[in-house]
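Q: What follows is a structure written as structure tokens; I'll ask about it next.
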Amino acid sequence: MSKVEMTTPYQGKVSVPFIKVISVFLANRDKEFSGYDILKTTNLQSGTVYPMLGKLLEDGWLKSEWKDNPQKGKPDRLCYILTVGGHREALKILEDMVSPNIGKCFDSPIAIA
């Protein structure tokens with residue numbers, strides 16, 4: 001029997017930084033990102049991104065795994081990937097806030113470019 005992923009509905013403020021962070025994961029559903037990758041992609045501050053990643057991880061929206069850093073001599077990186085439940089909850093929020101058709105954007109190859 002497979003383990004059922006539990007995802008807690010988002011209780012925080014749905015802010016522009018939240019939408020930026022979650023959109024990175026939605027646009028690249030099967031890709032893992034380090035916190036640094038998210039910082040570079042969103043241009044947000046670490047004090048915004050890392051607490052948000054921690055909360056999304058705690059609530060079951062993300063899974064994490066330590067990965068070897070491809071740069072020699074650099075520390076390993078904690079990488080995050082969106083869970084099925086996190087994907088579902090993120091689309092629900094964006095549908096309510098942005099458009100009922102937002103899910104189509106993140107299933108499109110254009111969204112990945």
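Read-outs: derived from the displayed coordinates by stated rules, not from any lab. What you see is a predicted model, and the numbers here were worked out from it, not measured in a lab. Cβ placement follows ideal geometry from the backbone for every residue including glycine, while neighbour counts extend to all protein chains displayed.
Q: Just rank Tyr80, Tyr36, fewest to most, by other beta-carbon atoms within 10 angstrom.
A: Fewest-to-most Cβ neighbours within 10 Å comes out as Tyr36, Tyr80.
Q: What translational diffusion coefficient, in µm²/s and rounded to a whole number, does the Stokes-Einstein relation yield for region 16-112 at 25 °C and a viscosity of 0.890 mPa s, taking the hydrodynamic radius as the Kirkwood radius over Cα pairs?
A: For the chosen part, D equals 176 µm²/s.
Q: Keeping to pairs on different chains or 8 or more places apart, tell me how many lysine pairs in region 16-112 have Cα atoms under 24 Å apart.
A: Value for region 16-112: 27.
Q: Lys92 to Tyr36: extension gain in nm, 0.36 nm per residue of separation minus the Cα-Cα distance?
A: Result: 17.5 nm gained on full extension.
Q: Based on a Kirkwood Rh over C-alpha pairs, give the Stokes-Einstein translational diffusion coefficient of region 1-72 at 10 °C and viscosity 1.306 mPa s in µm²/s.
A: Estimated diffusion coefficient is 119 µm²/s.
Q: With the crude spin-label approximation of a point 7 Å out along Cα→Cβ, what separation in nm comes out for Ile81 versus Met6?
A: In this crude spin-label approximation the distance works out to 2.3 nm.
Q: What order do you get for 14-22, 81-89, 43-51 when each peptide is scored by the mean count of other beta carbon atoms within 10 Å, highest first?
A: Output ranking for 14-22, 81-89, 43-51: 81-89, 14-22, 43-51.
Q: To continue, here is another question. Would you please give the FRET efficiency between Ala27 and Trp66, computed as 1/(1 + (r/R0)^6) with r the Cβ-Cβ distance and R0 = 25 Å, to the nearest 0.05?
A: 0.55
Q: Next question. Based on alpha-carbon positions alone, could you give the equivalent ellipsoid semi-axes of region 53-100 from the gyration tensor, as √(5λ), descending, whole Å?
A: 30, 11, 8
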